[in-house]
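What follows draws every value from the coordinates through simple rules; no lab data is involved. Note that this is a predicted model, so its numbers are computed, not measured. Neighbour counts run over all protein chains shown; Cβ positions are idealised from the backbone, glycine included.
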Amino acid sequence: MTSTQPSPDVIVVGSGFGGAVAAARFAQAGFGVLVLERGRRWAQGEFPRGPRVEDGWLWEAGHGLYDIRWLDGMGAVQGAGWGGGSLVYANVFARPADATLEARWPAHLRRGELDPYYDLAAHMLQVRPVTADPRTGRPPDRQAMVERLVSPMDVAEGSFTPNLAVTFGDVDTWRPNAHGVPRRGCAFVGECVLGCNHGAKNSLDHTYLAVAERAGATGVTDAEVTGIARDGDGYAVTVRTPSDPDAPPRVFRAPRVVLAAGAVATTELLLRARDVDGTLPDLSPRLGEGFSGNGDFLALARGRRSDGDLTTGPTITTTTVLDVPEGRGSAWFQVQDGAYPLALRRLLDETLPARGLRSRWRRLRGLDPRQAFALLSMGHDAGDGRLRLDRHGRAVLDWRHRSRSTTARLYRAQGRVGPLVARSLGSAVRTPVTWSLLRRTTTVHPLGGVPAGVDRDAGVVDDLGEVHGAPGLFVMDGSVLPSSTGVNPSATILAVTERAVEGVVRASRPGWRAPEWDDVRPRDVPEDAATTAMARRRAETAGDGVRFDERMVSRDRPGRRVVLTLRATVPGMEPFLRDPGHPVRVEGEIEAPGLARAAPVSGVLHLFPDDGSEAMAYDLEFADDQGRRWRARGTKHVRYRDPVGLLVGLTTLRLELTAGQETRRVVLVIGPASVARLVLALRGTGFTGPRRARALLRFASFFVGSALTRRGVGRHVP
């Protein structure tokens, strides 16, 4: 027997990032709102920490915290409970860079339109970067380790501390947040993705959903939506009770329904309504298209004992943007450090086979669980997956990552990060067996499936999320995003939903705006500077580069001798060859009479410039002990074609040093031993060994060819 429930103005299905915003804004605008959530309300201290799966971990085992769906082509993980994925996400609030988004992203979903709504969402979640560990007064050990790790990798400009939806400060004192909900400072226990038992996470149940209920919205948990149908001018939503399978279905009716159950569940509901139940038969044939895993890629690493306790801090403390060549194109993605909580390790130890053998192996190796951490990557996959129903009415995914596809290129680039980190840490970096053996990824950021378009032939919904041919039925969650964001997508889902609900409300209440707008201020966006820096670096390093060292010494007696030691760097062969001056960055030190110690020197070397007869032209600067700025300019000339003449010309530098009215001239020579060291020190730079070798070969070809064909070769050049 089916029971009929009261009819609100709006039914919201799901309480995650889209549903929470919809509930809050419709309620603030004066609509009667009912939120249906299949999971439970998780109170502080109730999140699972036990070593057994039955201790509240899995939705499939006692309706626990995590719902893990195997979609055939990919695994998908999402949270279950009042607050949806915010209960178990890593708190990162990030905005995608417009320049990295595909053309399928329309103007209304780009930063120019959405930035004010990002600021509104940031205000609601009270985001800020990680602070010092309150127990030590220092940054978390994992953050410090990552900063040391990236510093020598020439990607420091791409690394930053992201904004987090976490309360920092006094760990013991409860204070109301902007919405009147008590919060206290983060205790740095590294368990954000397990649900915060301390009370510091600014999850949706303590922000948007609290606002919604204060404004009159009603939340019904333990209510899983199984069907939706037209009902006069509105809709009937059928609900089952997960905790009581024998309970009769309930039916809720409303003129407006917002589907916000997440990309997988929302798409599955609509597919079932169209293809199985036949209750919404006219839904777009595009339904299910454009599914993306947001380029998620996971690896597990191990630090050194000297790195400290890597389990502390928020789950994520740093983000590093990488924009690297891959194949015939490039791959843009970001890598984040991740805490590997001890409670999760205990759970896996109890669940996985060969527990005793694994335990003995760790003892034998002296492995400390506090040195384990995760590398979490995300980027732009092809976003060309398609969700469909299997014969049981469950969503499965058609997903391919062919060797030449955008997705395959991304995965290859992400896979190279592990060996790079392993070389720096001196320990292995491992990927899950689902990838290493089965080549199946797992995403915690499923997106797409309900594409937008101007009509039902172009998409399922319009630009405000209203379903074509189904007035009053809206989709407001990650399923409406056209492809991967390349960053943690929660902020984008929040901003897109803020804009959509505002537009829907204004259709009946012109000029309406969220009450919090008056308190909103523009927020810092650290990811923008990192993305810009790495895009610039990719342009500078196109074609990969080379570096070499040279040491030149004058023939003066000791005490009068000048010694110039330089490291020369060609960041990228493409811009180097394209520039007629063929510039090479140089830096090092100079020892000279009058200097108490070697002075740092830097500048540029023009290598076989197109508009000159010289083989090399140096333009350097340094400061002496009195702070006077010196400029050192000099040239090397190839005067004769024979081997001896070539060698002499390429190893002899005539240098003029000037500071004000003072001028000195000196001849420097690269000795035979230094020539040998120079050749042996010549290195290619690039993301992979073949790229480094190719850059080195191109440089050698340019150098030799230019030396042999230089103007003036074979005759004396005055």
Between THR407, THR311, PRO369, whose Cα lies farthest towards the positive end of the dipole of the chain when Lys and Arg beta carbons carry +1 and Asp and Glu beta carbons carry -1, centred on the Cα centre?
PRO369
Read phi for every residue in segment 97-112 and hand back ³J(HN,Hα) as whole Hz from Karplus 6.51 cos²θ - 1.76 cosθ + 1.60, θ = phi - 60°, with x for Gly and Pro.
7, 3, 5, 9, 7, 6, 5, 6, 7, x, 4, 6, 10, 9, 4, x
So what J values fall out for segment 550-560 if you push phi through Karplus, 6.51 cos²θ - 1.76 cosθ + 1.60 with θ = phi - 60°, rounded to Hz, Gly and Pro as x?
9, 10, 10, 10, 6, 8, 6, 5, x, x, 10
Is segment 520-626 best put as rounded, prolate or oblate by its Cα gyration tensor, with a ≥ b ≥ c the root eigenvalues, rounded for a/c under 1.5, and otherwise prolate when a/b is larger than b/c, oblate when not?
oblate
Cα axis of helix 526-540 to longest principal axis of the chain: angle in degrees, 0 to 90, nearest 10?
40
The ratio Rg/Rh over the Cα atoms of segment 327-479, Rh being the Kirkwood inverse mean 1/r radius, stands at 1.07
For segment 407-441 and segment 68-107, distance of Cα centres in Å:
21
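Under the rule a/c < 1.5 gives rounded, and otherwise a/b versus b/c splits prolate from oblate, where does segment 114-158 land using the Cα gyration tensor?
Numbers: a/c = 5.51, a/b = 1.49, b/c = 3.69.
Oblate is the answer for segment 114-158, as a/c is 1.5 or above yet b/c matches or exceeds a/b.
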So what's Rg/Rh here for segment 80-163, counting alpha carbon atoms and using the Kirkwood radius for Rh?
1.04
Label the chain by shape, choosing from rounded, prolate and oblate, from the square roots a ≥ b ≥ c of the eigenvalues of the Cα gyration tensor; if a/c is under 1.5 it is rounded, and otherwise prolate applies when a/b is larger than b/c, oblate when it is not.
prolate
If you take all C-alpha pairs in segment 20-88, what percent of them are over 14 Å apart?
64
What is the distance in Å between the Cα centroid of segment 443-501 and that of segment 260-300?
11
Dipole moment magnitude, nearest 20 debye, the chain about Cα centre, only Lys, Arg, Asp, Glu C-beta charged
3460
Helix-only mean residue ellipticity at 222 nm, the chain, DSSP H runs n ≥ 4 weighted -39,500 (n - 2.57), per residue, nearest 500. What is it?
-8000 deg cm²/dmol
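Quick one: order ASP67, ASP141, ASP477 by neighbouring beta-carbon count within 10 Å, fewest to most. Mind showing how you got there, number by number?
On the way: ASP67 21, ASP141 24, ASP477 33.
Ascending number of Cβ neighbours within 10 Å: ASP67, ASP141, ASP477.
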Under a Cβ-only charge scheme (Lys and Arg +1, Asp and Glu -1), can you give me the dipole magnitude of segment 554-597 about the Cα centre, in debye to the nearest 20?
300
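Counting pairs of Cα atoms in segment 627-671, how many percent are more than 13 Å apart? Before the final figure, lay out the partial values.
Details: 579 of 990 pairs.
Counting every Cα pair in segment 627-671, those more than 13 Å apart make up 58 percent.
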Apply the Karplus curve 6.51 cos²θ - 1.76 cosθ + 1.60, θ = phi - 60°, to the phi angles in segment 130-139 and return the couplings in whole Hz, x for Gly and Pro.
4, 9, 5, 4, x, 7, 10, x, 10, x
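I'd like the Kirkwood hydrodynamic radius of segment 101-258, using the inverse of the mean 1/r over distinct C-alpha pairs, in Å.
Working: mean 1/r = 0.0502 Å⁻¹.
That comes to 19.9 Å for segment 101-258.
Please state the relative contact order of the chain as a whole percent: Cα pairs under 8 Å, 6+ residues apart?
Details: 1700 pairs, mean separation 105.7, N = 718.
Relative CO of the chain lands at 15 percent.
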The set of residues whose placed amide H lies less than 5 Å from the amide H of MET616, leaving out same-chain residues fewer than 5 positions away, is PHE608, LYS636
Rounded to the nearest angstrom and ordered from largest down, what semi-axes does the equivalent ellipsoid of segment 541-709 get from its C-alpha gyration tensor (root of 5λ)?
27, 18, 15
For HIS392, HIS380, what's the fewest-to-most ordering of other Cβ within 10 Å of each Cβ?
HIS392, HIS380
Dipole of segment 541-709, Cα-centred, from +1 at each Lys and Arg C-beta and -1 at each Asp and Glu C-beta, to the nearest 20 debye?
400
If unit charges are put on Cβ atoms (+1 for Lys and Arg, -1 for Asp and Glu) and the dipole of the chain is taken about its Cα centre, the option from THR531, GLY671, ASN202 lying farthest towards the positive end turns out to be GLY671
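So for segment 213-358, Kirkwood radius off the Cα pairs, Stokes-Einstein at 25 °C and 0.890 mPa s: how many µm² s⁻¹?
Numbers: Rh = 20.8 Å.
Once the numbers are plugged in, D ends up at 118 µm²/s.
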Just to check, using Stokes-Einstein with a Kirkwood Rh over alpha carbon pairs, what's the diffusion coefficient of segment 13-55 at 25 °C and 0.890 mPa s in µm²/s?
195
What is the percent of Cα-Cα separations in segment 319-409 that go past 20 Å?
62
For SER159, distant residues with modelled amide H under 5 Å away
VAL321
Non-local amide H neighbours of TRP630 (under 5 Å, H modeled in plane, Pro and chain starts lacking H): which ones?
PHE622, ALA623, ASP624
Provide the three semi-axes, in whole Å and in decreasing order, of the ellipsoid equivalent to segment 5-137 as defined by the square roots of 5 times the Cα gyration tensor eigenvalues.
28, 24, 19
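Can you give the convex hull volume of the alpha carbon atoms of segment 410-535 per residue, in Å³?
On the way: hull volume 23.5 nm³, N = 126.
Per-residue hull volume (Cα only) is 186 Å³.
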Translational diffusion coefficient (Stokes-Einstein; Kirkwood radius from C-alpha pairs) of segment 414-459 at 25 °C, 0.890 mPa s, in µm²/s:
176
